[in-house]
Ligand code: PLP
């Protein structure tokens, strides 16, 4: 059975195909956020009844997030979201190494297609990127070469579990094998923010030391996330203060947000395999409809490449993403080009550039991303609207030239 998004949360759209940006609250998460906001006033660090109640809420959510990630509860460090978890992974490891060695010559390494939440901290600290192939999969030979070159100066390596723009899944076991051989002291981090809703994280977590997740990508509220920290992995806190999260992340807990995160984690885990299979079929239906009716559209990542079941990335020749998104929005379809700056304006995609997609093809990029409440009716509607929108952009182009 398909669950329903809370009434009105899709903004009156006929088809919401931007779940990779944010997916609606699951009913269980909405209930948890609402009831905890109304009924739990205590600060979890206190000693009285209301504080103990808040602590119980956080502990239960911790158990649920740990179960989703296939780890012990003690490994979960709650954060304000995926960005903070990624920042804590990269900067926290670099800071821990600097504190231990008294030097600042260690660096981070990441793939060239990481989310800016990883890429920016890595580059800010003078780190290095690893190339990807034309499908967006990390180039293992280049990873090997980068680690040979920088060897014992590498403190942390970050390679995402699945990409947020094109959905490609990275070969983390191979990455881990190379990192353990070439940089045995380095910490291996993966950003599993996009993967968590769709794939079993247990094998991933077995290969890495740190893993990031975010509540609003799995049907929880915005503003909650976690970094999973393997035992014995040194991560210096970015936020110092009251010593919450065993000193790894100070600040009063976002109790209602964490409760919603826990409820979403539980609901996601219970239905993950079934939802992934159902959504994969929807994605196939959408891809078939679009490729049959929009000759200018090509699927960016071929079906045989490991990828999430939820993301259909297209490059539409001769189209302009910005115009296309406007026309889709106008016709009740929410989609994305996947690459925008904080002002919401479109910027060139570093992911497509790293994959070697020509700028004129990348200019017509479109990400259609499905989620737990997606339906056949939405997919069929989106395919029809997309065809009409592409025809209109082609007509614009012809009139302009
Ligand atoms: N990492 C990936 C792969 C993402 O897709 C996102 C959000 O788009 C983030 C990190 C950032 O997560 P948050 O929005 O919770 O800060």
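The values are calculated or read from the model by the stated rules, or taken from the named source; none is laboratory data. Quick caveat: nothing in here was measured; it's all calculated off a predicted structure. Here the Cβ positions follow ideal geometry from the backbone for every residue, glycine too, while neighbour counts run over all protein chains shown.
Computed values, structure above
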| item | result |
| --- | --- |
| Residues (more than 16 Å from the ligand (Cβ to nearest atom), touching a helix residue (DSSP H, G or I) at 6+ places or on another chain (Cβ under 6 Å) and within 17 Å of residue 336 (Cβ to Cβ)) located in region 1-55 | 14, 15 |
| Residue match in region 26-39 (condition: loosely packed, with under 14 Cβ neighbours inside 10 Å, closer than 29 Å to residue 120 by Cβ and in the same structural domain as residue 192 (by TED's automatic domain parsing)) | no |
| Boolean, residue 101 is surrounded by fewer than 17 Cβ atoms within 10 Å (Cβ to Cβ) and farther than 22 Å from residue 272 by Cα | yes |
| Evaluation of residue 24 against (1) in a helix (DSSP H, G or I); (2) touching a residue at least 24 places away in the same chain (Cβ under 8 Å) (one fails), failing number | (1) |
| Matching strands (runs of 3 or more DSSP E) fully within region 147-246 where at least 2 residues are within 16 Å of the ligand (Cβ to nearest atom) and over 29 Å from residue 134 (Cβ atoms) | 225-229 |
| Residue selected from region 111-126 under the condition buried (at least 24 other Cβ atoms within 10 Å of the Cβ) and more than 15 Å from the chain's Cα centre (by Cα), by the criterion farthest from the ligand (Cβ to nearest atom) | 122 |
| Output for region 77-110, where each listed residue is in contact with a helix residue (DSSP H, G or I) (Cβ under 7 Å, 6 or more places away or on another chain), within 12 Å of residue 158 (Cα to Cα) and within 15 Å of the ligand (Cβ to nearest atom) | 86, 87, 90, 91, 110 |
| Test: residue 96 is under 17 Å from residue 175 (Cα atoms) and either out of contact with any strand residue (DSSP E or B) (no Cβ under 7 Å at 6 or more places or on another chain) or crowded, with 22+ Cβ neighbours inside 10 Å (or both) | no |
| Count of region 341-360 residues which are touching a strand residue (DSSP E or B) at 6+ places or on another chain (Cβ under 8 Å) and either under 16 Å from residue 120 (Cβ atoms) or modelled with pLDDT of 95 or more (or both) | 6 |
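To keep it simple, each residue is scored yes or no on (1) surrounded by fewer than 19 Cβ atoms within 10 Å (Cβ to Cβ); (2) without any contact (Cβ under 8 Å) to a residue 40 or more places away in the chain; (3) over 22 Å from residue 219 (Cβ atoms).
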residue	(1), (2), (3)
290	no, no, yes
299	yes, yes, yes
317	yes, no, yes
323	yes, no, yes
